[in-house]
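Here is the structure we will look at, set down as structure tokens.
The values are calculated or read from the model by the stated rules, or taken from the named source; none is laboratory data. The structure presented is a predicted model; accordingly, all values stated were derived computationally and were not measured. As a convention, Cβ positions derive from the backbone with ideal geometry for all residues, glycine included, and neighbour counts pool all protein chains shown. These accessible areas exclude ligands, DNA and RNA; they are computed on the full protein's heavy atoms, side chains included. Shrake-Rupley method; radii C 1.70, N 1.55, O 1.52, S 1.80 Å.
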Amino acid sequence: MQATMLSIPDLIKKKRDGNALSDDDIQFFLQAVVENNIQEAQTGAMLMAIFMKGMVATETMALTKAMKLSGEVLSWPEEWAGLVVDKHSTGGVGDKVSLVLAPALAACGLKVPMISGRGLSHTGGTLDKLESIPGFNVSQPFPKLQSILAELGCVMVGQTDSLVPADRILYALRDVTGTVESLPLITGSIISKKAAESLNSLVLDVKFGRAAFCKDLASAKALGESMVAAGNNLGMKTSAVFTHMSNPIGRCIGNSLEVIESLETLKGKGPSDLMELVSTLGGVLLVMTGKVSSLSEGGRLITESVTGGAALAKFQAMMVAQGVSNENAQSLCSAQADYHRILRRADHQTELRTHTQGVVIEIDGLVLAEVLHQLGAGRTNAGDPINHSVGAELLVSLGDSVNKGRPWLRIHFESPALTPDQTSRLEGALTLGGSGDKPLRGSLIEDMIPPM
């Protein structure tokens, strides 16, 4: 114990002074973290040293590998070799891609053990969306997870305590030590968890823009390149797609409302921007697994699995397998579903109207998400309760011509009610232009690091 305490300060000083840590240094530090042979202040000091001085590529890769090996690493049947895939998004507003993509990939013959997180700050989490469905259980023991995956091809669960325990400790400390925005620490956190899933292929949706973690394409590419290199280094085929995140994705924001929009999408009635993301990310994974030879063919197969109903059937079966009653799952997936008979509707709705006429140029997703967060749709600290029914529906789309007084946003809320300041902020989120002005967004896809 004494040797550990003498060595840890030396490692902190080494990184503080801008020197590269060896593989053994990193492994020793993480072992001390997991075994609690280190003071919390020392862990925080090391995180700050990494934040301030950065890491070279070899350090980042060593950190990611050591984090992966800090806990259990999942294993799959041999006959699944090459078929186990997942996707990770760096977080956005209205981002319900996973709910459509996972069953679509399963319908195309892949295995998708989607281990997801909860929402924090203004971004929504996949687990929170799923838990707005009565009975849906995101905590599944591994044998049950594997049996669902064997039968259906997709399962959507939360991270277990045994997977990458080093990340759980470091993530909590990064949040309170001001070291969240560190490329090596982000890379290690994300890629170690995916590598512990023993994936064959991973696609990263790296978002940039006002409502994203990365505010511009350059910072998104730096993060994407770091994660792709780390993933490939661990033997996991990794690709990245860089996508715009200023306007909300789709027309619904908020947990239960996003489930409704996902189900509508699985019935072939989804918004085009959401389907563009689903077909692109899915197409990349189909290429990476050798199911197709081109991105266009992969995108077409994903789209067909959605419009043809195969993905919806997978989602319905997955709901039942994870605890939703057969009756409710069938009802939610029916053609004329009465969604709010099953998914709780907020007590109050109010609509905002346009103050002038014009063309919808932009809708600021960050403002909408921040106000909804204040109304109870999100959480500030891990473990905080959230209200699944709070959310917003966009009643207009980019490029629409609108008259003065037209409803453009419907807010679903309970207590507290909207304050005058929140109403003012929401009204300022809508940008209208003249007839010659064009929306700021066309395709959501800006660039990609293609599959190797």
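The alpha carbon centroids of segment 319-366 and segment 279-296 are separated by 30 Å.
Taking label points 7 Å from Cα along the Cα-to-Cβ direction, Ser139 and Ser198 give a separation of 2.5 nm. These residues, Ile26, Ile12, go from largest to smallest accessible area, 1.4 Å probe, as Ile12, Ile26.
Counting 0.36 nm for each residue step from Gln357 to Asp216 and taking away their Cα separation leaves a gain of 47.7 nm.
Estimated at the nearest 10 Å², the accessible area of Glu79 is 140 Å² with a 1.4 Å probe.
If segment 325-411 were replaced by its equivalent ellipsoid, with semi-axes equal to the square roots of 5 times the Cα gyration tensor eigenvalues, what would those be, largest first, whole Å?
28, 20, 11
Charges were assigned to the Cβ only: +1 to each Lys and Arg, -1 to each Asp and Glu. The resulting dipole of segment 77-207 about its Cα centre is roughly 160 debye. Report for segment 120-245 the percent antiparallel among DSSP-assigned beta bridges with both residues inside it, nearest 5. In segment 120-245, approximately 10 percent of DSSP beta bridges are antiparallel ones.
Figure the gain on full extension for Lys269 and Val180 (residue separation times 0.36 nm, minus the Cα-Cα span) and round it to one decimal in nm. Walk me through the numbers before you get to the answer.
Values: separation 89, 0.36 × 89 = 32.04 nm, distance 3.77 nm.
That works out to 28.3 nm of additional length.
Positive end of the dipole of segment 357-417 (Cβ unit charges, origin at the Cα centre): among Val402, Val360, His412, the Cα lying farthest that way belongs to Val402.
Mind ranking Phe142, Phe136 by accessible surface for me, highest first, 1.4 Å probe?
Correct descending sequence by accessible area is Phe142, Phe136.
Once both labels are positioned 7 Å from their Cα atoms along Cα-to-Cβ, the gap between Asn403 and Arg16 label points is 6.9 nm. Label reach from Asp23 (point 7 Å along Cα→C-beta): in segment 215-234, amide nitrogens under 13 Å belong to 234. Between Glu446 and Glu414, the FRET efficiency estimated from the beta carbon spacing at R0 = 45 angstrom works out to 0.75.
What FRET efficiency, computed as 1/(1 + (r/R0)^6) with R0 = 22 Å and r the Cβ-Cβ distance, is obtained for Asp338 and Leu395, rounded to the nearest 0.05? Working from the Cβ atoms, E equals 0.60.
With the cut-off at under 11 Å, measuring from each backbone N in segment 385-413 to a point 7 Å along the Cα-to-Cβ line of Thr350 picks out 411-413. Across the accessible surface of segment 231-276, with the other protein chains kept in place and a 1.4 Å probe, carbon and sulfur atoms take up 48 percent. Modelled label positions at Ser7 and Ala41, each set 7 Å beyond Cα in the direction of Cβ, lie 2.2 nm from each other. Assuming charge only on the beta carbon of Lys and Arg (+1) and of Asp and Glu (-1), the dipole of the chain about its Cα centre is about 360 debye to the nearest 20.
The DSSP beta bridges internal to the chain are antiparallel in roughly 55% of cases.
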